[in-house]
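These notes are about the structure you will find just below.
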Amino acid sequence: MTTLFDALTCGSMKLANRVVMAPLTRNRAPHAIPTPLMAKYYSQRAGAGLIISEATAITQQGQGYADVPGLYAEEQIEAWKPVTQAVHDAGGKIVVQLWHVGRVSHTSLQPHAAAPVAPSAIRAQTKTVLLDNGVASFVDTSTPRALDAEELPGIVRDYVHAARNAIAAGFDGVEIHAANGYLIEQFLKTGSNARTDDYGGSIANRARLLLEVVRAVVDAVGAERTGIRLSPVTPANDIVDANPQALFDYVVRHLAPLKLAFLHIIEGATGGARELPDHPFNYTELKSAYRAAGGQGAWMVNNGYDLPLAEKALADGADLVAFGRPFIANPDLVNRLRVGGPFNEVDAKTLYGGGEAGYTDYPTL
Ligand code: 8OZ
């Protein structure tokens with residue numbers, strides 16, 4: 001029987017175990033530049049088989065929150081190098097999560113205070129995080145403008161540019177963030193996409209940008225270094241689709257031939273309920289659709305896992321299990337899982353913004 005503590009080859013990466021540190025936004029990168037404290041934070045968590053970095057903006061336009069890092073400028077590449085080096089020195093693997101927030105942004109974070117961009121000019125009924133002297137405040141997102149079809153090749157190029165920068169910065173690969181109500185998912189889902197061109201309407205049209213981005217990133221850095229995150233039914237950031245099962249079955253069938261290293265699936269509401277009575281979804285069908293289409297990437301599951309649930313997921317055919325909040329409070333989470341705990345609790349007050357407190361000062365066993 002496979003356990004969480006067994007090794008796995010995932011694309012080009014040899015993972016020491018099946019425990020993944022999920023991407024976690026922490027808002028500790030002033031001016032979008034990673035810091036030495038981030039190197040310490042990630043290296044403390046290098047016992048994970050794989051670390052997925054916090055969501056990282058591919059352009060300033062792709063940024064939607066105060067003090068989240070980017071990977072589009074030379075100084076950002078340089079500042080990420082000590083982070084990836086520290087993780088590697090501690091024996092870990094780390095991929096960067098490539099992020100364009102689309103409409104989940106605020107004019108104050110955009111170049112020239114412009115409106116954020118989206119498939120359609122429909123405002124997300126959600127909040128973003130601004131920081132005032134290090135104190136987080138939650139503000140309504142700004143109304144976006146609809147992207148012209150002619151602008152979309154530029155968005156694809158921005159993903160490719162950031163993916164190449166990731167390899168230059170020493171990352172083992174990239175995860176394309178296509179979840180949680182951000183740009184790619186805004187195109188995918190009916191609630192945010194009212195386009196009448198080749199990027200709206202049918203499932204094939206709504207999935208077009210996602211597949212263009214993935215193909216271009218794969219061409220740039222290799223499928224064996226590329227993964228993707230999907231969240232079929234999350235309501236996060238005011239996102240909804242009329243028929244998510246058909247949509248995501250289509251998406252994974254079309255991802256299958258691209259030979260990605262992993263597919264990372266958020267089950268249920270991100271950071272919340274795993275079962276949504278109003279939005280039923282069959283994840284077994286999703287995985288079967290992927291495997292039946294020849295997809296061989298690692299199947300990574302996420303959301304509210306503990307050891308018993310994780311072991312059941314592995315028995316049911318998952319390859320990797322991602323843990324989010326437990327990794328914030330337990331840098332040595334893999335060891336703690338191995339010995340059955342105990343586990344530190346997360347301090348909610350220090351999640352977003354700040355310094356070492358609630359970041360690099362959680363104790364190991
Ligand atoms: C929490 C706060 C800000 C951003 C996501 C990148 O939901 C995020 C995020 C989470 O994917």
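The values are calculated or read from the model by the stated rules, or taken from the named source; none is laboratory data. Computed from a predicted model, the values in this text were never measured in an experiment. Cβ placement follows ideal geometry from the backbone for every residue including glycine, while neighbour counts extend to all protein chains displayed. Calculation scope for accessible area: heavy atoms of the full protein, side chains included, ligands and nucleic acids excluded. Shrake-Rupley method; radii C 1.70, N 1.55, O 1.52, S 1.80 Å.
A few points about this structure:
- Any hit, region 91-107, residues being open to solvent by 10 Å² or more (accessible area, probe 1.4 Å), within 16 Å of the ligand (Cβ to nearest atom) and more than 17 Å from Val160 (Cα to Cα): yes
- Within region 214-228, the set of residues being more than 16 Å from the ligand (Cβ to nearest atom) and open to solvent by less than 40 Å² (accessible area, probe 1.4 Å) comprises Val214, Ala216, Val217, Val218, Ala220, Val221, Gly222, Ala223, Thr226.
- Conditions (1) away from the ligand (no atom under 16 Å from the Cβ); (2) open to solvent by 40 Å² or more (accessible area, probe 1.4 Å); (3) not polar (S, T, N, Q): number failed by Ala86: (2)
- Listed conditions (1) in contact with a strand residue (DSSP E or B) (Cβ under 9 Å, 6 or more places away or on another chain); (2) within 16 Å of the ligand (Cβ to nearest atom) are all met by Phe262, apart from (2).
- Applying the criterion of being in a helix (DSSP H, G or I) and within 27 Å of Thr143 (Cβ to Cβ) to the residues of region 229-261, the residue that is least open to solvent (accessible area, probe 1.4 Å) is Leu247.
- One residue alone among Val174, Val135, Val101 is modelled with pLDDT under 95 and among the hydrophobic types (A, V, I, L, M, F, W, C), and that residue is Val135.
- The single condition among (1) among the aliphatic types (A, V, I, L, M); (2) closer than 19 Å to Asp6 by Cβ; (3) open to solvent by 10 Å² or more (accessible area, probe 1.4 Å) that Ala310 does not satisfy is (3).
- Candidate set: region 110-128, residues that are more than 16 Å from the ligand (Cβ to nearest atom) and of a type in the set (Val, Ile, Thr); chosen: the one surrounded by the most Cβ atoms within 10 Å (Cβ to Cβ): Val117
- In region 146-198, the residue that is farthest from the ligand (Cβ to nearest atom) out of those that are among the hydroxyl-bearing types (Ser, Thr, Tyr) and in a loop (DSSP other than H, G, I, E, B) is Thr196.
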